[in-house]
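These notes concern the structure reproduced below.
The values are calculated or read from the model by the stated rules, or taken from the named source; none is laboratory data. Everything quoted here is computed from the prediction, not taken from an experiment. Cβ placement follows ideal geometry from the backbone for every residue including glycine, while neighbour counts extend to all protein chains displayed. SASA here: full protein model, heavy atoms, side chains in, ligands and nucleic acids out. Shrake-Rupley method; radii C 1.70, N 1.55, O 1.52, S 1.80 Å.
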Amino acid sequence: MNRLANLLLIFAAIACSALLTASALAAQEGAASITTTTEEVDRDGERVIRIDVSVENVSNLGAFQFVMNFDGEVVHPTEDNTVQIGEFLASSDREVFCPETVIDANALRYYCVTLGEEPPDGAEGSGLLASIFFTANESGSTTLDFTRAQLATPEGDPIDTTWEPGEIVIPAEDNDGGWAMWAAIGGAVVLVGVVAIAGLSLYRRRRANTGQVPLGQ
């Protein structure tokens with residue numbers, strides 16, 4: 001009897017664990033997620049770093065906000081057009097309002113909201129929320145952490161969201177190519193000099209041989 005009771009308890013514990021795991025996975029699958037991609041691009045003749053902040057699997061999105069933290073010694077936001085709004089928030093045909101970006105030495109704050117009562121529903125699915133542009137200061141790397149980050153419905157209700165941090169890596173400048181170039185030039189100069197000296201010596205030797213009288217005459 002005790003053995004049967006123990007088996008029933010074990011089966012009950014396994015069933016509860018499976019149920020909790022399934023619920024957690026379902027909640028995770030149903031939650032929206034924020035991801036970032038990093039790319040070096042040319043903008044107005046200047047090489048800059050573009051960070052795309054995208055949302056996946058969201059329903060009824062009416063507003064978003066975030067503070068992006070970065071290492072100000074490695075990168076700094078561009079002076080002009082630091083943030084460009086993506087096309088996703090406006091895909092619901094609601095009016096979009098984005099106040100001016102607030103920028104500090106190691107962080108920037110950006111948010112956008114939709115206005116009006118029509119259409120009542122917000123954006124659905126996945127898409128680009130915003131693109132942020134940085135300029136490199138020096139070699140190194142910095143994590144792009146999100147704080148005070150939130151997605152919300154048009155009514156202002158929070159949307160369950162996971163936020164994945166981004167990263168920027170600035171490689172060290174490679175000066176080996178410059179040294180190799182000057183070394184090649186120096187070697188070529190030396191080689192030309194050696195060939196010239198050898199040619200001049202051979203020329204003089206031939207002229208000297210031409211002026212000599214053979215032995216026995």
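Could you please find all residues in region 104-148 being of a type in the set (S, T, N, Q) and out of contact with any Gly (no Cβ under 9 Å at 6 or more places or on another chain)? Reasoning before the result, please.
In the first step, residues of region 104-148 are kept if they are of a type in the set (S, T, N, Q); the result is 106, 114, 126, 131, 135, 137, 139, 141-143, 147.
Of everything in region 104-148, those that are of a type in the set (S, T, N, Q) and out of contact with any Gly (no Cβ under 9 Å at 6 or more places or on another chain) turn out to be S126, T135, S139, S141, T147.
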_Need pairs with beta-carbon distance below 7 Å; first residue of a type in the set (V, I, T) and within region 137-153, second in a strand (DSSP E or B) and open to solvent by less than 20 Å² (accessible area, probe 1.4 Å); sequence gap 6+ or separate chains._
T142/V75; T142/I168; T147/V67
*Which one of these is open to solvent by 60 Å² or more (accessible area, probe 1.4 Å) and among the aliphatic types (A, V, I, L, M): I49, I85?*
I85
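Please verify whether region 142-153 includes one or more residues that are of a type in the set (V, I, T), within 18 Å of A32 (Cα to Cα) and either open to solvent by 20 Å² or more (accessible area, probe 1.4 Å) or at pLDDT 95 or above (or both). Give the derivation first.
Filtering region 142-153 for residues of a type in the set (V, I, T) gives 142-143, 147, 153.
Cutting the leftovers down to within 18 Å of A32 (Cα to Cα) gives us 147, 153.
Narrowing the set further to residues that are either open to solvent by 20 Å² or more (accessible area, probe 1.4 Å) or at pLDDT 95 or above (or both) leaves 147, 153.
For region 142-153, residues of a type in the set (V, I, T), within 18 Å of A32 (Cα to Cα) and either open to solvent by 20 Å² or more (accessible area, probe 1.4 Å) or at pLDDT 95 or above (or both): present.
Across region 102-114, what is the number of residues that are of a type in the set (S, T, Y) and either under 14 Å from V55 (Cα atoms) or out of contact with any Lys or Arg (no Cβ under 7 Å at 6 or more places or on another chain) (or both)?
The initial filter retains those residues of region 102-114 that are of a type in the set (S, T, Y), namely 110-111, 114.
Next, only the ones that are either under 14 Å from V55 (Cα atoms) or out of contact with any Lys or Arg (no Cβ under 7 Å at 6 or more places or on another chain) (or both) stay: 110-111.
Going through region 102-114 one residue at a time, the tally reaches 2.
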_All but one of (1) farther than 14 Å from S54 by Cα; (2) assigned to a strand (DSSP E or B) hold for E117; state the number of the condition that does not hold._
(2)
*Residue check, G122 against (1) farther than 17 Å from Q65 by Cα; (2) crowded, with 17+ Cβ neighbours inside 10 Å, all met but one. Which one?*
(1)
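Taking region 46-67 only, how many residues are under 16 Å from Y111 (Cα atoms) and either more than 21 Å from the chain's Cα centre (by Cα) or among the small types (G, A, S) (or both)? Reasoning before the result, please.
Quick first cut of region 46-67, residues under 16 Å from Y111 (Cα atoms) only: 51-55, 61-67.
Now narrow it down to the ones that are either more than 21 Å from the chain's Cα centre (by Cα) or among the small types (G, A, S) (or both): 54, 61-63.
Qualifying residue count for the region: 4.
Report, by residue number, each residue of region 73-88 that is closer than 19 Å to I49 by Cβ, free of Cβ contacts under 8 Å to residues at least 60 places away in the same chain, part of a loop (DSSP other than H, G, I, E, B) and not acidic (D, E). Spell out how you get there, then give the answer.
If we filter region 73-88 for residues that are closer than 19 Å to I49 by Cβ, which is where we start, we get 73-86.
Retained after the next criterion (residues that are free of Cβ contacts under 8 Å to residues at least 60 places away in the same chain): 77-86.
Add one more test, that the residue is part of a loop (DSSP other than H, G, I, E, B), and what stays is 78-82, 86.
Hits for region 73-88 are T78, N81, T82, G86.
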*From the list S91, S126, which residue is hydroxyl-bearing (S, T, Y) and part of a helix (DSSP H, G or I)?*
S91
